[in-house]
Amino acid sequence: MYKRLEIVSYENIGDYEAEYVSRFNSTSTFKTNLEIHPFSQREERRITTEKHKLFYVPLMEHMSLIEKIFHNSKLLRSNLLSKLMKDRLIIHQMIDEIKSTNDVEGVKSTRKELVEALNDKSKSKRFFGIVSMYNTIIEEEIQTISSLSDFRTIYDKLFFNDIEDKDKPDGEIFRKDIIYVAGGGKRVHQGNPNEPAIREDLEKLLIFMNSDIPILIKALITHYFFEYVHPFYDGNGRTGRFLLSSYLARKLDLFTGLSVSEAVLQNKKKYEDSFSNTSHPKNRGEITSFVGDMLEIILKGQERMLAKVNKLKNQIEQLSNLINLLEVSEVEAEILYILGQDQLFEIVDEGVSNIKLSEIFKNTYKRTRIDKVTKELEIKGFVTKVKSNPIVYKMNSELLKDIVD
């Protein structure tokens, strides 16, 4: 088992220096252009007299994790669900991902208010910014970062009017003053001390981000270093995870990108400890364990996502079998199938409008036929009208109770 350098130092201090030199100077070691001051947990501050270059040692176990991640990504890209269910799952997963990234930071949000922000045309709802930015991931809008101001542009769009005035950046681009991160009643991290130091390190990060190294390794080292710099007073964690999600969605697949924060929330202690361990003085800038921990978290997110997809496939099969047992016409069965699928993964109690059904069946049935059939299904008790203007129906929940339980 590969051990962090700090563990080596505790077990045998005599081997510590030789092991560090061996790892750092190995021909397989990747040395970055990024440097960090270690953070002393005992003194609760950066040790400014020390500076270490971040370096990564490729491990066979990491190669195995990366291979599994790419395999899962291929599965998640395949047509495992109908377009309707895939579209619904994407929105549902996006909402869960935003709620999770908020939860990691202790920012309270509900799925209902996130959905309201998604549908907000006035741009006045809380979380409008972060919901809109995550929606750009779905819309495959690339967030280009080629200058320092691009970091600020993304930040401003993410948090729109959600950051309190006292926490907004007060420098030319970033914050002016020092910032500490607290946890468990003490300081656990210290960001760069001022804007010039932030700018200097993020300039180096821009160079690193455009370097030609394996995409997952690059993404994870970038994630660590952005959080290490901590360029803003508030929102750094959520900004960093958005950037990671956006990158993974583009380079791997949408569902992998939209499962990062959910997986982080499920493995929050491991996530936070991994940052702290990398900044430990005795680890001297080695980021190998952080990369491994993050690869495991991404993999767990994918596995959770695949479990959701498989559960939905099973529910859809049960739904199809249920409809086949009902005494309904072909068109009635098709409409019930759409309404049932919609309810299997609804975010809020919305239902499907006849307008939407007409769009789905535009090449098969006219709107007048849709109106007539849904009314007949309502009379038979198979669907319930939840709204009259526009007309919106849901499948009778009693029919679905054995499937969704």
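Looking at the range 333-372, which of its residues are β-branched (Val, Ile, Thr), touching a residue at least 60 places away in the same chain (Cβ under 8 Å) and assigned to a loop (DSSP other than H, G, I, E, B)? Let's see the steps before the verdict.
Going through the range 333-372, the residues β-branched (Val, Ile, Thr) turn out to be 335, 338, 347-348, 352, 355, 360, 364, 368, 370.
So of that shortlist, the ones also touching a residue at least 60 places away in the same chain (Cβ under 8 Å) come out as 338, 347-348, 360.
Matches in the range 333-372: Ile347, Val348.
Might you let me know whether the range 377-391 holds any residue that is part of a helix (DSSP H, G or I), without any contact (Cβ under 8 Å) to a residue 24 or more places away in the chain and either over 15 Å from Leu84 (Cα atoms) or under 33 Å from the mean Cα position of the chain (by Cα) (or both)?
Yes, that holds for at least one residue.
Residues to consider are Glu350, Glu317, Glu359, Glu327; find the one that is among the charged types (D, E, K, R), more than 14 Å from Leu89 (Cα to Cα) and either crowded, with 16+ Cβ neighbours inside 10 Å or within 26 Å of the chain's Cα centre (by Cα) (or both).
Details: Glu317 fails: either crowded, with 16+ Cβ neighbours inside 10 Å or within 26 Å of the chain's Cα centre (by Cα) (or both); Glu359 fails: either crowded, with 16+ Cβ neighbours inside 10 Å or within 26 Å of the chain's Cα centre (by Cα) (or both); Glu327 fails: either crowded, with 16+ Cβ neighbours inside 10 Å or within 26 Å of the chain's Cα centre (by Cα) (or both).
Within the list Glu350, Glu317, Glu359, Glu327, the selection yields Glu350.
Find the helices (runs of 4 or more DSSP H) located wholly in the range 1-93 whose residues include 2 or more that are in contact with a Lys or Arg (Cβ under 8 Å, 6 or more places away or on another chain), and list them. Full working, then the answer.
On the way: elements: 5-11, 13-25, 60-77.
Because the criterion is at least 2 residues that are in contact with a Lys or Arg (Cβ under 8 Å, 6 or more places away or on another chain), the helices (runs of 4 or more DSSP H) in the range 1-93 that meet it are 5-11, 13-25.
Could you grab me the full set of residues in the range 379-405 that are exposed (fewer than 15 other Cβ atoms within 10 Å of the Cβ), farther than 24 Å from Lys112 by Cα and not basic (Lys, Arg)?
Result: Ile379, Gly381, Asp402.
Only residues that are crowded, with 16+ Cβ neighbours inside 10 Å and basic (Lys, Arg): list them for the range 103-153, please.
Selection gives Lys125, Arg126, Arg152.
For residues that are in contact (Cβ under 8 Å) with a residue 60 or more places away in the chain and farther than 22 Å from Tyr228 by Cα, tally how many sit in the range 21-42.
The number of residues fulfilling the criteria is 1.
Looking at Glu61, Glu50, Glu44, which is the one that is touching a Phe, Trp or Tyr at 6+ places or on another chain (Cβ under 9 Å), in the same structural domain as Glu303 (by TED's automatic domain parsing), of a type in the set (Asp, Glu) and closer than 28 Å to Ala197 by Cα?
Details: Glu61 fails: closer than 28 Å to Ala197 by Cα; Glu50 fails: touching a Phe, Trp or Tyr at 6+ places or on another chain (Cβ under 9 Å).
After applying the criteria, what remains is Glu44.
I'd like the full set of residues that are within 25 Å of the chain's Cα centre (by Cα), in contact (Cβ under 8 Å) with a residue 24 or more places away in the chain and surrounded by fewer than 11 Cβ atoms within 10 Å (Cβ to Cβ), limited to the range 170-192.
Gly183
Is it true that Thr222 is more than 23 Å from Ile47 (Cβ to Cβ), part of a helix (DSSP H, G or I), of a type outside the set (A, V, I, L, M) and in contact with a Leu (Cβ under 6 Å, 6 or more places away or on another chain)?
Details: more than 23 Å from Ile47 (Cβ to Cβ): yes; part of a helix (DSSP H, G or I): yes; of a type outside the set (A, V, I, L, M): yes; in contact with a Leu (Cβ under 6 Å, 6 or more places away or on another chain): no.
Here the answer is no, as Thr222 does not meet what is asked.
The values are calculated or read from the model by the stated rules, or taken from the named source; none is laboratory data. Computed from a predicted structure; not experimentally measured. Glycine gets a Cβ as well: all are built from the backbone with ideal geometry, and neighbour counts include every protein chain shown.
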